Structure formats: C-alpha cells, structure tokens
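**Student:** Below: one structure in structure tokens.
The values are calculated or read from the model by the stated rules, or taken from the named source; none is laboratory data. Please read these numbers as outputs of a predicted model, since none were measured by experiment. Cβ: placed from backbone, ideal geometry, glycine included. Neighbour counts: every protein chain shown. Only protein heavy atoms, including side chains, enter the accessible area calculation; ligands, DNA and RNA are left aside. Shrake-Rupley method; radii C 1.70, N 1.55, O 1.52, S 1.80 Å.
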Amino acid sequence: TDFYSTWVCMEDITSLSAFTFKTANKTYEFSVSSKEKDDEVETTVTYNGKELNYDSFAEFYMECLSLNCTDFSTEKVSSSPEYTMIFTKKDKTVKTYEFFELSGARYAYKENGVYMGKVNSSAINKIEKALKKAVK
C-alpha cells in the first residue's frame, strides 16, 4: 500500500468536456467547457441545458475528488453499482469509477473495470448531499 495513492480520482475539471454521475435511480449529465480569459481559466457547467452556479457545482465536484480509499483490499461484487462517476475528457478518453455497496459503512470501487479498494459510505453521502445542492 505504500505505492498507492489514497485519492480515488484526481481529474482536472478543465480537461473535461462532460461529467456524469449516476445513482441507482437517476443519471446526472453535466457539460463542461473551460476557456482561458485574461490569464485565468473560466469554467462553465450546464445541466439540462441550464448553466449552474459554479460555486455549488465546484463543491459537489470537490467532494467527488476528495474520495479516499480507506482499504486497499479488493472484494468482487456481483451486484450492480450504486453510484458511477464518468469523466469524459476533451480528448475523448473516458475514466469510469463504479461504487458497490458492501455494508452500511463501506463501498467497493472499480476504476475502469478494475477493483481498487474500498471507500467509506460517509464520503459517498457527502457527495449525494452536494449533488442535490448543485442541481437545485
């Protein structure tokens, strides 16, 4: 485990063209565009054709990026994922993270189809709460 980063994903928002977050009941698809303006990068995020408040979206996105692997042991799960994050980059590459409920306290996760470890459910709950605020 000394060779692994505890961060689940570190995807720079300015490299994305889209970000999708799926729950068991709903899919949230966000379009992302970034452009340089006066030596700063300006990022716009839309959901269902409407521009979102960037600060609310950034809070949600930071919760997604702040997920930490708390246990590097892997456990295969036969159920469907409870949550999925799909990062579509401007160069058309895609990274997918799937989260499978193991118990009330933990989720196993895969990165691009490979089991990587486990995350705490409290972190997933924070993401869901920030998601609801971002799409309000």
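**Student:** Rg and Dmax of segment 62-136, using alpha carbons, in Å: what are they?
**Tutor:** That works out to 12.6, 37 Å for Rg and Dmax.
**Student:** Under a point spin-label approximation (7 Å from Cα along Cα-to-Cβ), what is the Lys95-Asp71 distance to one decimal in nm?
**Tutor:** Modelled inter-label distance: 2.4 nm.
**Student:** For the chain, what is the accessible area per residue in Å², given a 1.4 Å probe and the full set of protein chains?
**Tutor:** 60
**Student:** Of all the stretches in the chain, which is the longest one without any exposed loop site, taking chymotrypsin sites (Phe, Trp or Tyr not before Pro) in a DSSP loop (any state but H, G, I, E, B) with at most 13 other Cβ atoms within 10 Å?
**Tutor:** 5-71
**Student:** Further question: Once the principal axes of the Cα atoms of the chain are found, what is the range along each, listed largest first in whole angstroms?
**Tutor:** On the principal axes, the chain reaches 46, 33, 23 Å in Cα extent.
**Student:** Enumerate the lysines that Lys126 could reach by cross-link, defined here as Cα to Cα under 23 Å, with residues fewer than 8 away along the same chain left out.
**Tutor:** Here the lysines satisfying the reach criterion relative to Lys126 are Lys22, Lys26, Lys95, Lys110, Lys118, Lys136.
**Student:** Evaluate 2.2 N^0.38 Å with N set to the residue count of segment 28-98, then give the Cα radius of gyration divided by it.
**Tutor:** Against the compact-globule rule of thumb, the ratio is 1.39.
**Student:** Follow-up question, since we're still on this one. How large is the dipole of the chain about the Cα centre if only Lys and Arg carry +1 and Asp and Glu carry -1, each at its Cβ, rounded to the nearest 20 debye? The partial results should precede the final answer.
**Tutor:** On the way: 18 positive and 21 negative charges, 119 e Å.
Rounded to the nearest 20 debye, it is 580 debye.
**Student:** Contour minus end-to-end for Ser78 and Lys132, with contour as 0.36 nm per residue of separation and end-to-end as the Cα-Cα distance?
**Tutor:** This chain segment gains 16.6 nm when fully extended.
**Student:** Ok, one more. In whole angstrom, note down how far apart the Cα centers of segment 78-112 and segment 11-27 are.
**Tutor:** Comparing the Cα centres of segment 78-112 and segment 11-27, I get a distance of 11 Å.
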